[in-house]
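The structure under discussion appears below in the form of structure tokens.
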Amino acid sequence: MILFQSALKLLAVGFSSVASRHVNFYRKDYTYVDDFDAFYKLHWDTSGTDWSSTFLACDDEGAELFYPKIRDEWTVIKKLVKTMAHAPNVSDIFVGIHDKFGVGEFITINGSPTSAPILNLETSGEGRCVTLNIETGVLEANECLAQPGISRPFVCKKVEDVSCPTIEKGYRYFRETRKCYKVNNKEMNWSRAMETCFMEGGMLVVVESELEASIIRQKVLLDYNNNIYHAGFKKIFPNKEYYTVKGHQLSDTGYERWYSSNNEECGVIRDGNNDLLSSVKCDKKLPFVCEMNVSV
């Protein structure tokens, strides 16, 4: 057991981190929204006559043209509009999704494809750009040049330059826990899952607080269909106590709420339950969650 704990501690020391700092201020004309850990600015002037001008206006401010990256982010715009004393009679805004390159597919301003449903796909003209309905969040294809006499407002978004200490795709940073998480849907046994996380510079996830449990349930696992994942704790014989991959007893982590223990050797987390922890046989092949620590 001592050798196992020592190995785990050495493994934990080797994990990379990045140094940054977190402040809730960007510019006086930007509003910080804690739920999405980002800054937003509404442009309700007449400059939004074409998509390109909105893109360049955000770029000039060191931000990017907003588009909803995660579920329900569009509601930020709806809430901000309601705070305006004299909101204009406008129903749609330009967002950072387009087909200006004429490839026949919509991509985001970051160059990635979007799986969000987009209406009115038969739109033609000088490029195709996407607008968002402020009240419903519906995305719709439109011409990139607004009709004469019509301007489309737009929103610029700025996120803090905190990134996960890896170029491995799939890791997402969460400010509340100072960690990055990745869900790997390729099913493996516990040891192979741990090895995969380690090779990426991380480890199997260790839940260390009620807050972290809530984030994992409500955000990390939100868009995945599985309900059980390998996690970073395991029984150590002969005393049969559960230890985390960070070398500590599970009871010392700050979170030990069991959905069911099953008294098996390897730890898992279960999606959709207030009590997250459970256990399975170590050779059971399951998807898994990796984590990385980030110093901010």
**Report entry** Considering residues of segment 203-226 that are more than 17 Å from the chain's Cα centre (by Cα) and not β-branched (V, I, T) only, the residue nearest to E265 (Cα to Cα)
**Finding:** L204
Report summary line: With criteria (1) modelled with pLDDT under 95; (2) surrounded by 13 or more Cβ atoms within 10 Å (Cβ to Cβ); (3) over 13 Å from V207 (Cβ atoms), N263 comes up short on (2)
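Under the condition of being among the polar types (S, T, N, Q) and part of a loop (DSSP other than H, G, I, E, B), which residue from segment 18-52 is modelled with the highest pLDDT?
So, considering only residues that are among the polar types (S, T, N, Q) and part of a loop (DSSP other than H, G, I, E, B), the one modelled with the highest pLDDT is T49.
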Query raised in the report: Just for segment 183-202: of the residues that are surrounded by 22 or more Cβ atoms within 10 Å (Cβ to Cβ) and within 19 Å of the chain's Cα centre (by Cα), which one is nearest to H248 (Cα to Cα)?
Result: G202
Query raised in the report: Name the residues in segment 99-127 that are modelled with pLDDT under 85 and touching a Lys or Arg at 6+ places or on another chain (Cβ under 7 Å), would you?
Result: G127
Report summary line: Among (1) in contact with an Asp or Glu (Cβ under 8 Å, 6 or more places away or on another chain); (2) closer than 20 Å to Y173 by Cα; (3) without any contact (Cβ under 8 Å) to a residue 40 or more places away in the chain, Q218 falls short only on (1)
Query raised in the report: Is it true that some residue in segment 163-174 is in contact with a helix residue (DSSP H, G or I) (Cβ under 8 Å, 6 or more places away or on another chain), modelled with pLDDT under 95 and under 28 Å from Y26 (Cβ atoms)?
Result: yes
Query - Filter result for W74 (surrounded by fewer than 20 Cβ atoms within 10 Å (Cβ to Cβ) and touching a Pro at 6+ places or on another chain (Cβ under 6 Å)) - result: no
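How many of the residues making up segment 85-99 are exposed (fewer than 15 other Cβ atoms within 10 Å of the Cβ) and under 27 Å from the mean Cα position of the chain (by Cα)?
If we filter segment 85-99 for residues that are exposed (fewer than 15 other Cβ atoms within 10 Å of the Cβ), which is where we start, we get 85-91.
Filter once more, so that each one left must be under 27 Å from the mean Cα position of the chain (by Cα): none.
Of the residues in that region, 0 qualify.
The values are calculated or read from the model by the stated rules, or taken from the named source; none is laboratory data. Just so you know, these numbers come straight off a predicted model, no measurement behind them. Glycine gets a Cβ as well: all are built from the backbone with ideal geometry, and neighbour counts include every protein chain shown.
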